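To keep things clear, I will list the structure first and then write my remarks on it.
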Amino acid sequence: MNAPAVASVPVLLDLRNDFPILQHPVKGRRLVYLDNGATTQKPAAVIEAESRYYERSNANIHRGVHWLSQHSTDLYEQGRESVRRLLNAARSEEIVFTRGTTEGINLVAHSWGRGAVGPGDEIVLTGMEHHSNIVPWQMLCEQVGASIKVVPVTDSGEIRLEDYRALLGPRTRLVGIAHVSNALGTINPVQEMTRLAHEAGAKVLVDGAQAVAHKVVDVQALDCDFYVFSGHKLYGPTGIGALYARYGILKDMPPWQGGGDMIHTVSFERSTYADVPQRFEAGTPNIAGVVGLDAAIRYVRGVGLDAIAAHEHALLEHATEQLLALPGVRLIGTAGQKAGIASFVVDGIHPHDLGTILDTEGVAIRAGHHCAMPLMARFGIPGTARASFAAYNTPDDVAALISALRKAQKLFGTGS
Ligand SMILES: *Cc1c(COP(=O)(O)O)cnc(C)c1O
């Protein structure tokens, strides 16, 4: 059989050497890491920033008169400014540090949701949401007697604006949208969807977990009310993320968790609460995580999000072409606008078996439902195999993926 024609891929970025983990073979092979939708690897700049923080700057924030505490507080607030700039939020008070996307959504559901959503109200979610943007709303709906409406997903993995518009009504309080679907790669038309939601009097929460590392995000241009993301999918540490909330909404939201740092005064009769964003940051936060996240944002901005988007787009196009050239491979998610995610199924091979065989070839992908079980049900499949790209991936990684898939097909006696 002829070797597959190698299409010329415009390689724009060459960042592999910035990532220590990619220098270490896994099972004796060059690591081909294509599970970036689950978490990204960390550049040396991030690892060093965290370790330098503990070596030279560690102290609790906001409480000390001593120099280190002041210094640590400055680094923490500098991280907030860095997130503000990343999202182009109007003011840094609109940025609340969280553990990640999941906690950000829970914060909004608990704090804003309990005041703003009542019996008979509706929350509109797309059919491609991650469980993180479904379950907190279900819990809220059960508590307050509201219900969830789901925008259908087309065969190509897109939202049709007519279907969406038809679901909006006077009872819609909130629309929850994944900016980029983690299972399909679809980039949703968030700006237009937000405009329509606002016309209906609803607020909009955008789940940006798969967007911030892959494209420029501007919350003022999107005009959304809430935007959440996780640091660990943005080349940053685990356990840190952020919530953006429009100041006019955030300033009136009641506290969610109580404790130190979120109060103004405390007596046993009554406590008064701090201003935002401190009101939502009870207890000692993940200070080192904020420092690492700041370093990650600097790294990404240094490379340039437009350059990253172009690089990943080229890889995705190349991978898509190569995948479709294999017999029995079907892509799940063929939207016109996609970020660097290729989800696929292979005739005769269960996604989990595929993942295991690829692993023996040194290729790390994800196989399963991708925390989007309703979406898998809609496509009538138990799961997919998913290759998700980051800025450090290369055409060699795509070649390794394709070659490992051929081996899997040979092993199963499928393919050609
Ligand atoms: C990963 C992911 C989440 C959850 O992020 P956590 O970091 O686990 O809180 C939510 N939504 C999408 C689209 C994701 O990809």
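Remarks
- Selected residue (criterion: nearest to the ligand (Cβ to nearest atom)) from residues of segment 256-267 that are hydrophobic (A, V, I, L, M, F, W, C) and open to solvent by 40 Å² or more (accessible area, probe 1.4 Å): TRP256
- Any hit, segment 168-177, residues being at pLDDT 95 or above, part of a loop (DSSP other than H, G, I, E, B) and open to solvent by less than 50 Å² (accessible area, probe 1.4 Å): yes
- Consider segment 84-126 and keep the residues that are in a helix (DSSP H, G or I) and among the hydrophobic types (A, V, I, L, M, F, W, C). The one that is nearest to the ligand (Cβ to nearest atom) is ILE105.
- All conditions in (1) within 16 Å of the ligand (Cβ to nearest atom); (2) under 17 Å from ARG85 (Cβ atoms) hold for TYR247, with the sole exception of (1).
For every residue, the table says whether it meets (1) of a type in the set (S, T, N, Q); (2) within 25 Å of ALA387 (Cβ to Cβ); (3) more than 13 Å from the ligand (Cβ to nearest atom).
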position	(1), (2), (3)
GLY185	no, yes, no
ASN188	yes, yes, no
THR238	yes, yes, no
PRO254	no, no, yes
GLU269	no, no, yes
THR272	yes, no, yes
THR284	yes, no, yes
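- Criterion: of a type in the set (Val, Ile, Thr), within 16 Å of the ligand (Cβ to nearest atom) and under 21 Å from THR102 (Cβ atoms) - qualifying residue of VAL212, VAL219: VAL212
- Qualifying residue in segment 65-88 (condition: over 20 Å from PRO254 (Cα atoms), of a type in the set (Ser, Thr, Tyr) and open to solvent by 60 Å² or more (accessible area, probe 1.4 Å)): no
- Residue list for segment 115-154, restricted to those being among the charged types (D, E, K, R) and touching a helix residue (DSSP H, G or I) at 6+ places or on another chain (Cβ under 7 Å): LYS149
The values are calculated or read from the model by the stated rules, or taken from the named source; none is laboratory data. Only a predicted model underlies this, so the values are computations on that prediction, with no experimental measurement involved. Every residue, glycine among them, receives a Cβ derived from its backbone with ideal geometry; neighbour counts consider all protein chains shown. Ligands, DNA and RNA are excluded from the accessible area calculation, which covers all protein heavy atoms including side chains. Shrake-Rupley method; radii C 1.70, N 1.55, O 1.52, S 1.80 Å.
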